[in-house]
Amino acid sequence: MLTNPLPFAILAAFAAPQLLLGVLIVRYLQFIALNRSTLAHLTWKQLAAVPLLDLIMLYTWFVPFFSNEITWRGYRARIGRDTEMIQIAA
């Protein structure tokens, strides 16, 4: 959770709006630095998607707390006791 501060900044923005702006600026700088270090071509669409991707990452972090089913490339399974994968009948 600490590696993705955007959701917390959104919640804190009600008390201090400048915090959200600061987190977004730092996140954009991080994204730009990573792209430059990998010599990847940066587009404006990628920059615009950064906050959305962070929110999707938050969603994927919380899903396992509420569901024990997975779907991977058409294979559906349930995570059982001791992380046993149990196939779900089609």
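In table form, for the structure just shown:
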item: Hits in the stretch 29-45 (condition: hydrophobic (A, V, I, L, M, F, W, C) and over 19 Å from Leu6 (Cα atoms)); result: Leu39, Ala40, Leu42, Trp44
item: Selected residue [closer than 15 Å to Phe8 by Cα and of a type in the set (Ser, Thr, Tyr)] from Tyr75, Tyr59; result: Tyr59
item: Checking Gln18 against (1) farther than 30 Å from Ile88 by Cβ; (2) at pLDDT 85 or above, the condition it does not meet; result: (2)
item: Residue selected from the stretch 39-57 under the condition modelled with pLDDT under 85 and hydrophobic (A, V, I, L, M, F, W, C), by the criterion nearest to Tyr28 (Cα to Cα); result: Leu42
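The values are calculated or read from the model by the stated rules, or taken from the named source; none is laboratory data. The model shown is predicted, which means the values in this text are computed figures rather than measured ones. Reconstructed Cβ throughout: ideal geometry from the backbone, glycine too, with neighbour counts over all protein chains shown.
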